[in-house]
Amino acid sequence: MKHRHDMPFGAQYGAEGTRFRLWAPGCRSVKLELGREGARALSMKRQEGGWYEAIVEGVRPGEAYAFRVHRDRKAVPDPASRFNPRDVHEPGVVVDPHAYEWHEDGWRGRAWHEAVICEMHVGTFTPEGTYAAAAKRLDHLADTGITALEIMPLADFRGRRNWGYDGVLPFAPDAAYGTPDDLKAFVDAAHARRLMVLLDVVYNHFGPEGNYLPGYAPQFFNPAHPTPWGDAINFDGPRSRTVRDFFIHNALYWLEEYRFDGLRLDAVHAIADDSPEHIVGEIARAVDAGPGRDRAVHIVLENERNEARLLERGGRPLARAQWNDDAHHAYHVIATQETDGYYRDYAEQPAAQLARTLAEGFAYQGEHSPIRGGKRHGERSAHLPLEAFVCCLQNHDQIGNRALGERLVDLADPDALPLAVATLLLAPSIPLLFMGEEFGARTPFLYFCDYEGELARAVREGRRREFQAFARFRDAKARRAIPDPNAESTFRRSVLDWDYAAGEGRAWLDRYRSLLHLRAREIVPRLAGGAYGTYSLAGERGVSVDWKLGDGSRMHLRANFGPEKAALSQGPGRLLHAEGPFSLGKPLAPWTGAWTLEAA
């Protein structure tokens with residue numbers, strides 16, 4: 001089978017004629033340039049609403065094209081280009097989406113409660129940094145017990161390396177990793193192994209280099225909403241309908257043309273939109289009415305505000321789930337004792353806050369937050385099923401936003417980490433791992449990009465300024481040791497070492513695999529219909545969590561997240577797993593836990 005998403009802009013290839021469309025309301029005329037050296041220029045017909053169109057016969061896939069929007073300046077790339085093999089300042093090329101023949105067209109996705117997610121960056125997942133090389137590691141992930149991949153953003157960015165959050169061509173998968181057909185083959189191969197593939201998308205800003213839209217479509221941005229990246233994307237001002245459609249089509253494009261199983265919407269708290277219907281809601285409706293009719297498609301949010309209302313059930317939810325920072329922060333404080341920055345909100349009662357995330361979703365459900373100046377933070381979430389929360393011990397942000405990119409295996413108390421891992425993997429909420437976590441990878445994940453000149457200097461110095469408030473980096477010499485994001489060596493240091501998985505990391509891999517297979521066998525089949533929890537405490541670090549699972553069975557956790565004994569003993573039911581030196585009927589030793597299950 002073949003798949004194409006039709007959209008009202010960009011280059012729509014056809015054997016009998018290719019249609020080119022550009023929204024340029026700031027221009028009096030636009031010309032289409034076809035080819036590279038000696039490009040031929042064709043006038044585009046002006047249409048209502050600031051649109052320009054040209055239909056050209058004889059165009060072949062792979063032919064370069066760009067738009068001349070200013071007479072005396074270089075032609076600009078199509079903002080809806082499907083592929084820009086020579087980077088963001090150069091012409092895109094015409095793509096025939098029907099060139100790829102899908103092999104796993106019968107794939108209809110998986111239920112969300114089955115998700116065990118591995119977040120990955122394609123460029124550092126393997127030494128080759130390509131889709132084709134990543135596909136060779138899919139069997140490893142499936143065998144470990146991963147059921148879903150979440151790929152960091154692919155939208156074309158300036159240079160050869162980037163986390164992906166600086167994209168400026170949202171429809172063009174960056175050429176650093178391969179061609180559009182290579183990406184489709186990767187998704188196809190994942191589906192063959194029953195792996196879902198989600199894509200991280202950025203709808204709150206464009207990157208700092210390569211965005212030409214302000215020059216010919218200033219209405220794409222709304223000065224009423226200033227942001228750290230400049231004027232906000234115009235989702236709610238005059239002429240915002242075209243802008244909203246641009247991003248709605250982008251979501252549908254990835255889901256239909258590339259057969260992704262879902263999207264993770266980056267930082268929706270940073271999307272400025274005062275419309276009667278927020279753009280996230282309109283995207284969710286369009287997904288439901290489109291690809292969501294035939295197969296399971298999942299929308300996941302990153303939302304700093306803990307707005308539980310965006311996850312409400314009753315019919316189809318606006319979003320399937322949200323990344324749960326509360327859970328990560330509580331785990332981190334327990335495992336490392338770090339209380340700098342936002343960890344200060346979890347310094348006094350980390351075990352109690354972790355217990356609340358295990359049972360009710362958010363730790364902050366309207367309580368006062370010290371790092372927010374005492375303001376109330378979050379909304380009540382105990383009524384939501386726990387599959388609405390994606391929880392992790394580490395992710396790209398929490399590793400990469402550290403000055404030296406250290407992973408938890410190098411930061412945590414070695415006695416505490418095994419219990420944290422087991423708690424994450426056996427809780428009813430959706431677990432997320434960061435690539436290599438399953439084998440205890442020690443390669444850092446540093447912040448990297450590929451800018452030049454003044455922008456490179458600003459990024460490097462800004463990065464080092466970020467950490468001057470930390471005692472460790474108050475000295476200028478210490479700050480200079482923070483890796484330069486633009487250096488290729490910074491990127492290379494972040495590439496996973498797969499030999500470690502077969503050597504020193506084997507014990508961690510066996511641990512993760514055993515726990516995930518237990519989850520798949522004993523817990524996941526009982527989650528359909530929703531899991532809900534309650535919790536209580538025994539002292540400062542003893543935790544009891546009791547869950548009612550979707551099939552009516554009950555699971556119990558009794559855990560001691562501290563260095564002293566806790567007055568807790570095994571919960572009722574059959575023992576599923578014990579972590580640490582567990583003794584039946586006796587108080588829990590430090591850093592131990594027991595999971596039990598009562599049948600429905």
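For the stretch 531-598, the Cα-based Rg and Dmax, in that order, read 11.4, 36 Å.
Using Cα-Cα distances under 8 Å and only pairs 6 or more residues apart, what relative contact order does the stretch 10-95 have, in percent? Mind showing how you got there, number by number?
Values: 194 pairs, mean separation 25.5, N = 86.
Worked out over the stretch 10-95, it gives 30 percent.
Rounded to the nearest 500 deg cm²/dmol, what is the calculated helix-only ellipticity per residue at 222 nm for the chain, with -39500 (n - 2.57) per DSSP H run of length n ≥ 4?
The helix contribution divided over the chain gives -6500 deg cm²/dmol.
What label, among (1) 24.8, 83; (2) 24.7, 88; (3) 26.1, 81, belongs to Rg and Dmax of the Cα atoms in Å computed from the structure on display? Computing Rg and Dmax of the Cα atoms in Å and matching it to (1) 24.8, 83; (2) 24.7, 88; (3) 26.1, 81 gives (1).
Here the simple spin-label model places points 7 Å from the Cα toward Cβ, and for Lys74 and Arg521 these points are separated by 5.9 nm. Using C-alpha pairs below 8 Å separated by at least 6 residues, the relative contact order for the chain is 10 percent.
Taking 7 Å steps out from each Cα toward its Cβ at Arg574 and Ala599 produces label points 0.7 nm apart. Stretching the chain fully between Ser275 and Ala458 yields a gain of 62.4 nm (0.36 nm per residue, less the alpha carbon separation).
What is the ratio of the Cα radius of gyration of the stretch 67-129 to 2.2 N^0.38 Å, where N is its residue count, to two decimals? Intermediate values should be presented prior to the final figure.
On the way: Rg = 18.6 Å, N = 63, 2.2 N^0.38 = 10.6 Å.
Computed over Cα atoms of the stretch 67-129, the ratio equals 1.75.
By the Cα gyration tensor, the stretch 433-582 has an equivalent ellipsoid whose semi-axes, rounded to whole angstrom, run 43, 21, 17 from largest to smallest.
Restriction of the trypsin sites (Lys or Arg not before Pro) in the stretch 445-504 to DSSP coil positions whose beta-carbon has at most 15 other beta-carbons within 10 angstrom yields Arg474.
Run the numbers for Ala267 and Arg492: contour at 0.36 nm per residue of separation, minus the present Cα-Cα distance, in nm. Show your work: numbers first, answer last.
Values: separation 225, 0.36 × 225 = 81.00 nm, distance 2.71 nm.
Net length gain for the segment: 78.3 nm.
Dividing the mean sequence gap of close Cα pairs (under 8 Å, 6+ apart) by how many residues the stretch 531-598 holds gives a relative contact order of 30 percent. Apply the Debye scattering formula to the stretch 20-149, with a single equal point scatterer on each alpha-carbon and no solvent, then give log10 I(q)/I(0) at q = 0.11, 0.15, 0.16, 0.18 Å⁻¹. With no solvent term, the Cα-only Debye profile gives -0.62, -0.85, -0.89, -0.98. Note on Thr534 and Ala111: their simple-model spin labels are 2.5 nm apart, each label 7 Å out from Cα toward Cβ.
To check you understand DSSP bridge types, tell me what percent of the beta bridges within the chain (both residues inside) are antiparallel, rounded to 5.
Working: 59 of 85 bridges.
Counting DSSP beta bridges with both partners in the chain, the antiparallel share is about 70 percent.
My understanding is that a pair violates if its Cα-Cα distance is over 18 Å; which of Lys2/Lys136; Lys45/Lys74; Lys136/Lys184 do that in this structure? The partial results should precede the final answer.
Working: Lys2/Lys136 24 Å; Lys45/Lys74 20 Å; Lys136/Lys184 14 Å.
From the list (Lys2/Lys136; Lys45/Lys74; Lys136/Lys184), the Cα-Cα distance tops 18 Å for Lys2/Lys136; Lys45/Lys74.
For a paramagnetic label modelled on Arg465 (point 7 Å from Cα along Cα→Cβ), amide N atoms under 20 Å away belong, within the stretch 481-503, to 481-487.
The ranking of Tyr65, Tyr535 from fewest to most other beta carbons within 10 Å of each one's beta carbon is Tyr535, Tyr65.
Could you list Phe582, Phe83 in order of exposure, starting from the residue whose Cβ has the fewest other Cβ atoms within 10 Å?
Numbers: Phe582 18, Phe83 22.
So the residues, fewest neighbours to most, are Phe582, Phe83.
Determine the gain in length on full extension of the stretch Arg19-Thr339; use 0.36 nm per residue of separation and subtract their C-alpha separation, reporting nm with one decimal. The partial results should precede the final answer.
Details: separation 320, 0.36 × 320 = 115.20 nm, distance 5.63 nm.
That works out to 109.6 nm of additional length.
Local charge sum around Ala469 (other residues, Cβ-Cβ under 13 Å, Lys/Arg +1, Asp/Glu -1)? Don't skip to the end; give the middle numbers.
Details: positive: Arg344, Arg464, Arg465, Arg472, Arg474, Arg479; negative: Asp340, Glu466, Asp475.
For residues surrounding Ala469, the net value is +3.
Every number in this text was worked out from the coordinates using simple rules, so none of it is lab data. Bear in mind the structure is a predicted one, so any value in this text is a computation, not a measurement. FYI the Cβ positions are ideal-geometry reconstructions off the backbone, even for glycines, and counts take in every protein chain you see.
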